[in-house]
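To keep things clear, I will list the structure first and then write my remarks on it.
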Amino acid sequence: QFFVFCHGLLQLSQLLVSGYLKSSISTIERRYGLSSQTSGLLASFNEVGNTLLIVFVSYLGSRVHRPRLIGCGALLVSLAGFLMALPHFLTGPYKYDHSVASTFSNTTDLCQPGAPGAGANLSDASCPPHGSRENQEVLLVMFVAQVLLGIGGVPIQPFGISYIDDFASHRNSPLYLGIVFSLTVVGPGVAFMLGSAMLRFYVDIDKVSSAEVQLTNKDPRWVGAWWLGFLVAASLVALCALPYFFFPREMPKEVGEPLVLSGFPVVLLRNLRHPVYLLVVLAQVNISAMVAGFATFMGKFLERQFSLTASLANMIIGAVNIPGAMVGIVVGGAILKRFQMSLRQCSALCVLGMLLCLLTAFPLLFLGCPTQKVAGVTHWDSSGFGHHAMACNARCRCPERGFNPVCGSDGVEYTSPCSAGCSSLALRPDGSVLNYTGCSCVRAAGTARPGPCGTGCPHLFVPFVVLSCLAGILASTSHTPSFMLILRSIQPEDKSFAVGIQFMLLRVLAWMPGPVLYGSAIDTSCVLWERRCERRAACRYYDNTLFRHR
């Protein structure tokens with residue numbers, strides 16, 4: 001029972017490390033200037049180390065000291081977690097454009113017609129000589145960490161489950177495994193809640209005093225302390241790893257002989273030729289690819305469509321969507337148990353769940369906000385808004401890549417006070433900007449307030465969350481019956497191997513490509529890219545309707 005307790009905790013904290021990355025993905029994109037395709041590849045890269053080793057390790061099975069190997073794997077996962085946070089300590093403080101001169105820089109992004117080349121110093125400053133090399137180092141460290149995370153995770157689940165199943169009585173084994181699995185489902189939810197908590201702190205909380213930070217977490221330039229969560233999760237894993245080095249190799253003697261590799265190709269072909277097995281696994285591949293893409297970018301989607309902070313988006317996913325999926329899994333299992341379903345009824349239940357899910361998910365195509373009007377990006381009017389210098393701010397010599405969005409009193413957003421032609425500003429007592437005045441591009445009053453205008457459709461947010469949660473519940477009711485279809489249609493002696501192949505196919509065909517495909521699709525809906533040293537970095541503005549549809 002102590003082993004079950006330790007193993008539940010270990011799986012939970014291991015999933016904290018891998019799930020936390022998904023909760024902070026939009027923040028890491030912004031901090032290091034990554035496209036969604038790159039961040040999607042990063043999120044799915046832990047599957048690479050995992051896939052390479054999983055079959056080999058499952059085959060080793062009972063020939064090794066399992067608890068000790070689990071402990072070593074956990075220490076690797078912990079190391080990977082600390083490595084994920086390392087880039088924060090290797091790179092300098094986060095820089096962003098601002099209007100008020102401060103200890104960081106004396107540049108400003110107001111409109112200064114008098115000073116020749118006032119804008120030039122801003123754009124040159126954003127490209128330090130070692131900028132692009134630093135970025136490659138950051139990516140290298142993170143990709144290595146993800147591979148280690150995958151490798152470390154290999155022994156944890158299979159060895160833990162077989163160890164419990166070998167030494168628990170037949171009556172208690174399902175209960176113990178149920179406990180471990182339920183904690184596995186809770187893991188990602190806890191990870192998103194951890195993300196929600198950590199991203200409320202400013203990224204450089206350890207490098208600058210809070211008085212010097214002029215951003216609030218609602219600002220589009222805000223970057224939260226994404227690295228803190230990795231330190232928390234990695235420490236937890238390290239703690240959970242310790243007891244494993246003190247468990248015995250075996251408790252009583254185990255029964256049953258391990259699968260021998262000579263039978264490997266025969267069993268593989270026998271399973272792959274089985275039509276039910278193949279069809280169900282392909283169906284699972286399709287839905288898993290969708291879930292993998294969703295889990296990675298759902299937070300970012302909510303941030304952009306409904307102008308939420310990263311912290312709030314994570315809170316919604318961790319507190320609404322993931323518990324919804326858990327409810328669905330439990331309900332599916334309960335229906336199976338209550339009605340003692342046959343295989344045909346199992347497949348009917350799967351089809352029904354999916355059809356109802358499609359019906360509830362269909363309106364989500366239309367529940368979202370139109371793209372905000374951004375001058376010179378998504379909005380042009382008759383007063384000489386060109387693609388390049390607009391007539392109204394031509395005298396300002398704005399830096400091309402300045403980004404400090406302001407919202408004009410006419411409801412149009414501008415990428416910086418300079419591009420709105422604002423020449424002066426009013427401050428609050430605490431030193432933050434109250435508003436900008438004398439803005440030659442803004443109609444009517446000619447004032448602008450700091451921050452984006454927002455997408456202006458908060459009334460659609462609650463229906464979206466309710467429907468997406470409902471769709472998730474309905475889709476996940478088919479989780480347990482689809483597993484039953486596989487387990488009952490396969491010859492009993494091939495069972496563990498069939499499940500192994502199933503997970504490998506899911507990894508290779510769904511969990512690896514899923515986030516990359518989703519990230520690439522999201523990138524195609526970008527209308528303004530940030531540029532760093534002539535390199536395309538993160539996306540500033542998306543076409544919201546395209547983003548939603550794709």
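Side notes on the structure shown:
- If you go through the stretch 426-459 and keep only what is open to solvent by 50 Å² or more (accessible area, probe 1.4 Å) and either in contact with a Pro (Cβ under 7 Å, 6 or more places away or on another chain) or assigned to a helix (DSSP H, G or I) (or both), you end up with Pro458, His459.
- All positions within the stretch 187-216 that are over 21 Å from Phe82 (Cα atoms) and either touching a Cys at 6+ places or on another chain (Cβ under 7 Å) or open to solvent by 50 Å² or more (accessible area, probe 1.4 Å) (or both): Ser209, Ser210, Ala211, Glu212, Gln214, Thr216
- The residue list Ser468, Ser520, Ser525 contains one member that is under 19 Å from the mean Cα position of the chain (by Cα) and without any contact (Cβ under 8 Å) to a residue 40 or more places away in the chain, which is Ser525.
- The number of residues in the stretch 150-181 being of a type in the set (Ser, Thr, Tyr) and outside any helix (DSSP H, G or I) comes to 1.
- Cβ-Cβ distances below 8 Å connect the following pairs, each with a first residue in the stretch 338-350 that is over 14 Å from Ile486 (Cβ atoms), a second residue that is not in a helix (DSSP H, G or I), and a separation of six or more residues or different chains: Leu349/Met341; Leu349/Thr477; Leu349/Ser478.
- Only one of Cys392, Cys418 that is on the phi < 0 side of the Ramachandran plot, part of a helix (DSSP H, G or I) and touching a Gly at 6+ places or on another chain (Cβ under 7 Å): Cys392
- Complete set of residues in the stretch 184-210 that are modelled with pLDDT under 80 and among the hydrophobic types (A, V, I, L, M, F, W, C): Val185
- Look at the stretch 9-33: where a residue is assigned by the TED database to the domain that holds Leu242 and at pLDDT 90 or above and a partner is open to solvent by less than 10 Å² (accessible area, probe 1.4 Å) and among the polar types (S, T, N, Q), sitting 6+ places away or on another chain with Cβ atoms under 7 Å, you get Lys22/Thr296; Ser23/Asn314; Ile25/Ser39; Ile25/Thr296; Ile28/Ser39; Glu29/Ser36; Glu29/Ser39.
- Residue in the stretch 531-550 that is nearest to Val377 (Cα to Cα), counting only those that are open to solvent by less than 20 Å² (accessible area, probe 1.4 Å) and part of a strand (DSSP E or B): Tyr541
- Residue that is surrounded by the fewest Cβ atoms within 10 Å (Cβ to Cβ) [pool: residues in the stretch 342-359 that are among the small types (Gly, Ala, Ser) and touching a Leu at 6+ places or on another chain (Cβ under 9 Å)]: Ser347
- Within the stretch 34-52, the set of residues being touching a Leu at 6+ places or on another chain (Cβ under 8 Å) and over 14 Å from Leu148 (Cβ atoms) comprises Leu34, Thr38, Gly40, Ala43.
- Being out of contact with any Pro (no Cβ under 9 Å at 6 or more places or on another chain), assigned by the TED database to the domain that holds Leu467 and assigned to a loop (DSSP other than H, G, I, E, B) is a description that applies to Leu308.
- One residue alone among Ala234, Ala238, Ala289 is crowded, with 21+ Cβ neighbours inside 10 Å, touching a Leu at 6+ places or on another chain (Cβ under 8 Å) and at pLDDT 90 or above, and that residue is Ala234.
- Yes/no for Leu364 being within 24 Å of Ser44 (Cβ to Cβ), without any contact (Cβ under 8 Å) to a residue 40 or more places away in the chain and not assigned by the TED database to the domain that holds Gln37: no
- Against the criterion of being at pLDDT 80 or above and either open to solvent by less than 10 Å² (accessible area, probe 1.4 Å) or out of contact with any Gly (no Cβ under 7 Å at 6 or more places or on another chain) (or both), Val147 does not qualify.
The values are calculated or read from the model by the stated rules, or taken from the named source; none is laboratory data. Predicted model only: the values in this text are computed from it and were never measured. Cβ atoms come from the backbone with ideal geometry, glycine included; neighbour counts cover every protein chain shown. Just the protein is used for accessible areas: all its heavy atoms, side chains included, with ligands, DNA and RNA removed. Shrake-Rupley method; radii C 1.70, N 1.55, O 1.52, S 1.80 Å.
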